[in-house]
Each structure stands twice: as C-alpha cells, then as structure tokens.
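In what follows, a structure is listed as structure tokens, so that the remarks can point back to it.
Read-outs throughout are calculated quantities, based only on the coordinates presented, and are distinct from any laboratory measurement. Since the model is a prediction, treat every value here as computed from it, not as a measurement. A quick note on method: Cβ atoms are made from the backbone with ideal geometry, for glycine too, and the neighbour counts reach across all protein chains shown.
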Amino acid sequence: MANIPSSLTSFYKEPGPKLDKESPFESMMERFRFAAEILQLDEGLFQYLASPVKQVIVSIPVVMDDGKIKVFEGFRVIHDNVLGPSKGGIRFAPDVNLDEVKALAAWMTWKCAVVNVPFGGAKGGIRCNPKELSKHELERLTRRYTANLLEVFGPDRDIPAPDMNTDEQVMAWIMDTYSMNSLKTETAVVTGKPIILGGSQGRKEATGRGVVTVTLAALSKMGLMPNKTTVVVQGFGNVGSVSAELMYEQGAKIIAISDISGGYYNAEGIDIPEAISYMNANNRSLEGYENAQPISNEELLELTCDVLIPAAKEDQIGRHNAHKIDAKIVAEGANGPVTANADSILEENGVMVIPDILANAGGVTVSYFEWVQDRQGYFWTEERVNRRLNRMMRSAFDNLYAVCEKHNITMRQAAYVYAIDRVAETLKLRGIYA
Ligand code: NAD
C-alpha cells in the first residue's frame with residue numbers, strides 16, 4: 001500500500017473493528033485503502049472518509065414484563081452524510097458493539113454511492129437477545145431507543161431500516177414514536193415499513209431482483225445467454241430464493257440450492273417455484289427436499305457452474321476454498337461472502353466477482369424509492385418500482401464496468417474506486433464548513 005501514510009493506515013488498525021484477518025469488515029477496510037491509493041486520494045480526504053461523522057451510545061432503560069428495570073446499550077453511527085441524509089439498518093443482537101456498527105456504517109456509505117442513491121451511510125444496533133424478550137418488551141425497547149435518538153433520526157437527517165432481527169413491526173414502532181414527538185406523521189423517517197404504513201411495493205424482492213439484474217449484465221458482457229447458463233445459489237432466504245426464482249424465470253438451470261439444513265443438487269435443474277412452495281410449507285426450511293440429491297454446503301460452493309450466488313452469510317469463500325471455485329461469475333447476494341484473501345485467487349482464476357456493494361444494493365435502492373414515495377405522498381406500482389430498480393442497477397453495473405476497464409482492475413476494486421471518488425468529489429465541492 002504505497003502512498004498511504006502509515007499514520008493513516010494505522011488509523012484502521014487501532015480504533016477499527018477488532019476482528020480476525022478474514023473478517024468482512026477488515027476486508028472492506030483493505031479494499032478502501034487499495035481504492036484510495038488508485039485515486040491518489042489526498043491525505044486529508046482519506047482521514048475524513050475514514051472517520052465517522054457521529055457516533056452515539058445510548059442507555060435504554062426498559063420496564064420488563066415482571067416490573068423490573070433493565071438497562072440496554074444502543075448505538076447509532078453516522079459514517080458520512082456528504083451525499084445526503086444517512087441511511088442504514090438497525091440490528092438487535094447480543095454481541096453488537098460500536099466497532100462493528102462503525103464498520104457497517106462505512107459499508108453503507110460505499111453501497112449508496114455505488115448505486116447513485118443520494119444517501120450517506122449509517123448503522124445502528126441494540127445489544128440484546130431478542131429471543132428472550134416478549135413482544136411488549138421489544139416494543140418498549142425500540143420506542144425508548146428511538147426517543148433517545150430523536151435528534152439524530154429524521155427524514156432529512158438519518159433514516160433507519162431493518163437489519164438483523166429487526167422487521168417491519170420494529171420500523172412501524174420507530175415511525176410512530178418519531179411521529180408522536182414531531183406532532184405529525186413522518187413516514188419517511190424509516191424504510192422497510194409495512195406497505196399499509198407507507199412501505200414500498202417490491203421492497204421484499206428488491207435485493208434478489210438487483211442481484212439478478214447485475215448478473216444478467218455480467219453474462220451479457222461475457223456473451224453468455226441466461227437460458228444456457230447453470231446457476232448455484234447458497235442460502236434460500238429472502239435474497240437467495242428470489243435470486244433463484246428470477247434466474248429460473250430467465251430460463252437458467254438452477255443446479256443447486258441450499259439453506260442451513262444443507263445443499264440440494266440436481267444436474268437436470270431444480271424446479272424453483274416448487275422448491276419455494278416446499279420451503280413455505282415446511283416451516284421455511286428445505287430440510288427433507290426430495291427432488292434433488294443432498295450435498296454439503298462446501299460441496300455446493302465448489303460445483304462447476306456459470307453463476308454462483310452466495311446469499312447466506314459472510315466469509316463463505318476464503319483462502320481455504322477460493323481455488324476450488326469453478327464458476328465464471330460470483331454474484332455476492334450476501335454481505336462479505338468472499339474474503340479479501342480470496343479476491344486475488346478468484347481474480348487469478350478468471351472468476352468475475354460482482355461485489356456485494358453493487359450486487360445486493362437493490363435493497364437500499366428500493367428503500368430510497370420508499371423514502372421518495374413517502375415524501376411525495378404518492379405511491380408507485382410494483383411494475384414502476386421494478387423498472388426503476390432495474391434501470392439504476394444496470395447503470396451502476398455499467399459505471400463500474402467502465403472504471404474496471406479504465407484502470408484494469410476487478411469489479412470490486414472498481415466499486416470502491418467509484419464510490420470513494422464520488423463521495424470525495426462531492427466533499428471537495430461542498431468544502432469543509434468552518
Ligand atoms: P434470510 O435470513 O432470509 O436467509 C438466509 C438464508 O441463508 C436462509 O436460507 C438460511 O437457512 C441460510 N443459511 C444460513 N446459514 C447458512 C449456512 N451456513 N449455509 C447455507 N445456508 C445458510 O436472510 P437474507 O435477508 O436473505 O440475507 C442473506 C444475506 O444477504 C445476508 O448476508 C444479508 O446481510 C444480505 N443482505 C440482505 C438484504 C435484504 O434485503 N434482505 C440486503 C442486503 C444484503
């Protein structure tokens with residue numbers, strides 16, 4: 001990493017996330033440094049973009065169902081608000097901490113910039129075990145967290161969304177608490193709301209739909225026809241099942257799918273609508289799915305195919321198995337499924353990786369549409385949402401592809417170069433307020 005002063009590189013090493021070498025957060029920071037070098041980013045700008053603009057820690061007292069008071073810790077980090085109000089999810093988990101939230105907030109900045117959504121990046125969390133809380137306790141926890149952050153949140157300031165263990169109901173409570181304190185209904189303060197409360201059509205499918213849009217764009221660059229391709233999908237939840245279904249609709253042969261119960265392989269192709277019906281009837285699990293042969297999740301990743309879509313969790317393709325990946329395209333439906341160590345191995349083997357900050361940005365893109373619709377008070381049809389999503393994802397892909405060709409770098413490197421350049425250029429025009 002020439003050209004980057006060691007004082008700045010160490011900035012990441014010290015206050016940054018204390019995670020193992022192959023953690024997605026460390027991987028992201030490595031990629032950030034690489035892009036900064038290509039851009040010859042000014043030292044001051046580098047420092048600016050490496051530092052979150054605001055970090056808030058709140059104590060959240062909650063009266064539990066047994067009448068006792070329990071105090072939880074909550075976080076909200078705004079990494080950046082140069083492009084517009086900050087945007088990012090809120091997670092409820094026992095191990096949430098400030099470092100993790102800081103890294104995830106930065107990730108959101110780059111993701112929004114890649115798809116040209118006028119938002120900065122943020123993330124929040126409450127350290128709690130949602131499984132141990134009753135619905136009423138969860139509601140009181142959410143409302144008090146929101147009340148403590150009234151000065152941070154706002155449709156023009158910072159807009160939360162669902163993340164790990166938070167859902168439409170949690171968003172509805174945040175919206176209501178914020179609205180009660182604003183003395184008016186403010187639907188645009190959160191996204192990922194139920195449709196009846198100002199949510200958007202197409203939001204649930206948006207991430208998988210975006211994965212498919214960029215995958216089709218990549219196939220076309222390679223001169224491959226979707227109906228002549230084989231696809232493997234890891235994870236069969238929101239992102240994985242929608243990606244599989246839409247690729248299936250394009251005529252692709254989905255030869256393997258998987259979930260936490262294991263992998264399922266059929267060389268003749270899996271009937272995806274039938275597999276989805278099976279999963280829905282089987283408590284959202286593929287366990288016992290019979291129209292395919294069981295394989296392990298490790299074997300699944302190593303199958304020969306045209307497109308591999310890891311859509312389950314982080315760190316699935318690392319140094320240990322990257323050389324065994326036999327796909328032409330890896331489209332990262334999940335966040336961080338390929339580690340930084342695996343990037344170079346895949347590159348050497350000619351595998352095109354469509355990076356998470358592009359591939360799964362369909363979700364934040366339709367969140368942006370939700371915010372726009374709430375502010376207009378005018379709601380779009382699903383067809384309009386999908387058409388606009390498709391257009392934005394396709395143009396983001398083309399923008400990154402052009403950067404890729406210009407600098408002769410990978411799509412991942414191009415995504416960071418593009419995003420950092422966009423934020424840095426905007427920052428230069430705005431200048432530093434003094
Ligand atoms: P989900 O909970 O709906 O589905 C996750 C799926 O992965 C399930 O089928 C689960 O069984 C499976 N899974 C879990 N562990 C596994 C393992 N070890 N091996 C194989 N399969 C396993 O979650 P989701 O919303 O589809 O999110 C999946 C990934 O996509 C996550 O990394 C998430 O952060 C990312 N993502 C989601 C969205 C979104 O809008 N939902 C947006 C951006 C990124």
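Dipole of the stretch 104-172, Cα-centred, from +1 at each Lys and Arg C-beta and -1 at each Asp and Glu C-beta, to the nearest 20 debye?
That gives a dipole near 160 debye.
What is the list of residues in the stretch 251-293 whose amide nitrogen lies under 20 Å from a point 7 angstrom out from the Cα of Asp95, following Cα to Cβ?
260-261
Restricting to DSSP H runs of at least four residues, report the calculated mean residue ellipticity at 222 nm for the chain, -39500 (n - 2.57) per run over all residues, nearest 500 deg cm²/dmol.
The per-residue figure over the chain is -14500 deg cm²/dmol.
Among Leu389, Ala322, Ser277, whose Cα projects farthest towards the positive end of the dipole of the stretch 277-434, with charges put on the beta-carbon of Lys, Arg (+1) and Asp, Glu (-1)?
Result: Leu389.
Counting pairs of alpha carbon atoms under 8 Å apart in space and at least six apart in sequence, what relative contact order in percent does the stretch 248-330 give?
26 percent
Anyone know which of Val231, Val152, Val239 comes out most mobile in the 10 Å Cα GNM of the chain?
Highest fluctuation of the listed residues: Val152.
Give me the distance in nm between label points sitting 7 Å out from Cα along the Cα-to-Cβ direction at Asn349 and Glu132, one decimal.
With each label placed 7 Å out from Cα toward Cβ, I get 4.2 nm.
Any idea what the dipole of the chain comes to, in debye rounded to 20, about its Cα centre with Lys/Arg Cβ at +1 and Asp/Glu Cβ at -1?
Here the chain has a charge dipole of around 1260 debye.
Among the trypsin sites (Lys or Arg not before Pro) in the stretch 73-163, which ones are in a DSSP loop with at most 13 other Cβ atoms within 10 Å of the Cβ? Mind listing them?
Answer in residue order: no site qualifies.
Using a Gaussian network model of the chain whose springs link C-alpha atoms within less than 10 Å, name the residue from Ile78, Ile276, Ile196 with the highest mean-square fluctuation.
Answer for the Gaussian network model of the chain: Ile196.
To the nearest 0.05, what FRET efficiency results for Glu249 and Arg157 with a Förster distance of 41 Å applied to their C-beta separation?
Calculated transfer efficiency: 0.55.
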